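The values are calculated or read from the model by the stated rules, or taken from the named source; none is laboratory data. Predicted model only: the values in this text are computed from it and were never measured. Backbone-built Cβ (ideal geometry, glycine too); neighbour counts: all protein chains shown.
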Amino acid sequence: MTYTVRNDVVVHKYFKTAVSKLERVHQRSKANGFAEGLFLTGPSGTGKTTLINYYVEKHHGVEEADRTTVPILVVETPSAPTAKNLAETIQIALTGDIAKGTTEFQTNRIYTLLKELRVELLIIDEIQHFVDRKRIAETARVTDWLKSFINKAQIPVVLIGLPRSLQMLELNEQLRRRFSARCFIRPFGFNDSIQQRGFRAVLKVLEAGLPYKCEASMFGFPMARRFHYASNGLFDYMAKIIDGAVEITEGNESDVITLAAFEQAFLDTVWNDAPSELNPFSRTFIYRRLDKFGEPFYCPDVDGQKAAA
């Protein structure tokens, strides 16, 4: 059996808000021709890639006699972005090839291709690479190229990345104004009854799709609490643990996912040398966040992981 909870998209509150903002930027441009910008950020593991794939699936290209239109163009920022390699990356996303020539020539080719392929929305992912570089002068140059490119492309652009990505707006005042609309995909919280209900609702949807029954309901408060400690509210870790527990259950030729299966899945997929008292699915767990140095969710809060509190 090949099973993963990632096959089903859970449209939770934060996800729904992000999709709504994408739709607004996209549809307003189609309606009035005004190319707006949106800056979407979130810690690693909150589902930004899932969001992109979900939105692209909703807006398929159309096969025509001489081309296939590309309504939504998704580009991943190179790890060390320059004007030239970013222009090349966009060309590859459009046609699969790169035209030889100067950066200016390649940029002009992109404008032509955007029109020919009827691109309605450009999504640039992993935008944090713009601020990960130590060469400030080069970062300023590529940021300025991006600003000019967006102005001339005349289509809405969505920038997506980790929270530190917002630092790039400090380098260019025009980009800061263009991307004044922001959206932050948060980790799930568990501090109050509203947050708990939201988190448990997601677990309920996930449990409903499992191939096996759970010994203790995942969305009941006791297990939901354990899941939040085990995942820090990040969907990626929730998925890893659940998929791992399903695999263990299958290997044991059982038809029930036990607490022990989740305990082992946490070791296999999140923290392989976790002591029993710090494994959220252990019966000896001491019920505290795993955010100290050397633990899986330690973070100096550079990229918003603390938001899961």
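Values for this structure:
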{"item": "Tabulated pairs, the range 51-70, first assigned to a loop (DSSP other than H, G, I, E, B), second aliphatic (A, V, I, L, M), C-beta under 7 angstrom, 6+ apart or interchain", "result": "HIS59/ILE72; GLY61/VAL70; ARG67/LEU117; THR69/VAL62; THR69/LEU117; VAL70/LEU94; VAL70/LEU117; VAL70/VAL119"}
{"item": "Selection from the range 210-230 of residues that are touching a residue at least 40 places away in the same chain (Cβ under 8 Å), touching a helix residue (DSSP H, G or I) at 6+ places or on another chain (Cβ under 7 Å) and not in a helix (DSSP H, G or I)", "result": "LEU210, PRO211, TYR212, CYS214, GLU215, ALA216"}
{"item": "Selected residue [surrounded by 18 or more Cβ atoms within 10 Å (Cβ to Cβ) and on the phi > 0 side of the Ramachandran plot] from ASN279, ASN232", "result": "ASN232"}
{"item": "First in the range 258-272 and under 11 Å from LYS240 (Cβ atoms) and in the same structural domain as LEU234 (by TED's automatic domain parsing), second anywhere and part of a helix (DSSP H, G or I) and of a type in the set (D, E, K, R), Cβ under 8 Å, 6 or more apart", "result": "ALA265/LYS240; ALA265/ASP243; ALA265/GLU247; THR269/LYS240; THR269/ASP243; VAL270/LYS240"}
{"item": "Breaking point among (1) more than 17 Å from the chain's Cα centre (by Cα); (2) polar (S, T, N, Q); (3) in a helix (DSSP H, G or I), for THR17", "result": "(1)"}
{"item": "Residue list for the range 181-193, filter: surrounded by 12 or more Cβ atoms within 10 Å (Cβ to Cβ) and assigned to a loop (DSSP other than H, G, I, E, B)", "result": "ALA181, ILE185, ARG186, PRO187, PHE188, GLY189, PHE190"}
{"item": "Answer from THR89, THR95, THR112 - the residue that is over 28 Å from the mean Cα position of the chain (by Cα), surrounded by fewer than 18 Cβ atoms within 10 Å (Cβ to Cβ), assigned by TED's automatic domain parsing to the domain that holds PHE34 and of a type outside the set (A, V, I, L, M)", "result": "THR112"}
{"item": "Filter result for LEU40 (in contact with a Lys or Arg (Cβ under 8 Å, 6 or more places away or on another chain), among the aliphatic types (A, V, I, L, M), at negative phi and in contact (Cβ under 8 Å) with a residue 12 or more places away in the chain)", "result": "yes"}
{"item": "Test: residue in the range 291-300 that is out of contact with any strand residue (DSSP E or B) (no Cβ under 8 Å at 6 or more places or on another chain), closer than 25 Å to THR50 by Cβ and either at pLDDT below 95 or among the hydroxyl-bearing types (Ser, Thr, Tyr) (or both)", "result": "yes"}
{"item": "Test: residue in the range 160-171 that is over 15 Å from GLY47 (Cβ atoms) and at pLDDT 95 or above", "result": "no"}
{"item": "Residue selected from the range 71-104 under the condition of a type in the set (Gly, Ala, Ser) and part of a loop (DSSP other than H, G, I, E, B), by the criterion modelled with the lowest pLDDT", "result": "ALA99"}
{"item": "The range 67-86: number of residues that are crowded, with 20+ Cβ neighbours inside 10 Å and under 25 Å from VAL11 (Cα atoms)", "result": "3"}
{"item": "The range 38-66, subset small (Gly, Ala, Ser) and surrounded by fewer than 18 Cβ atoms within 10 Å (Cβ to Cβ), residue farthest from GLY233 (Cα to Cα)", "result": "ALA65"}
{"item": "Residues of the range 36-66 satisfying the condition of being small (Gly, Ala, Ser) and modelled with pLDDT of 90 or more", "result": "GLY37, GLY42, SER44, GLY45, GLY47"}
{"item": "Which numbered condition TYR14 fails, given (1) touching a Lys or Arg at 6+ places or on another chain (Cβ under 6 Å); (2) modelled with pLDDT of 95 or more; (3) of a type outside the set (Gly, Ala, Ser)", "result": "(2)"}
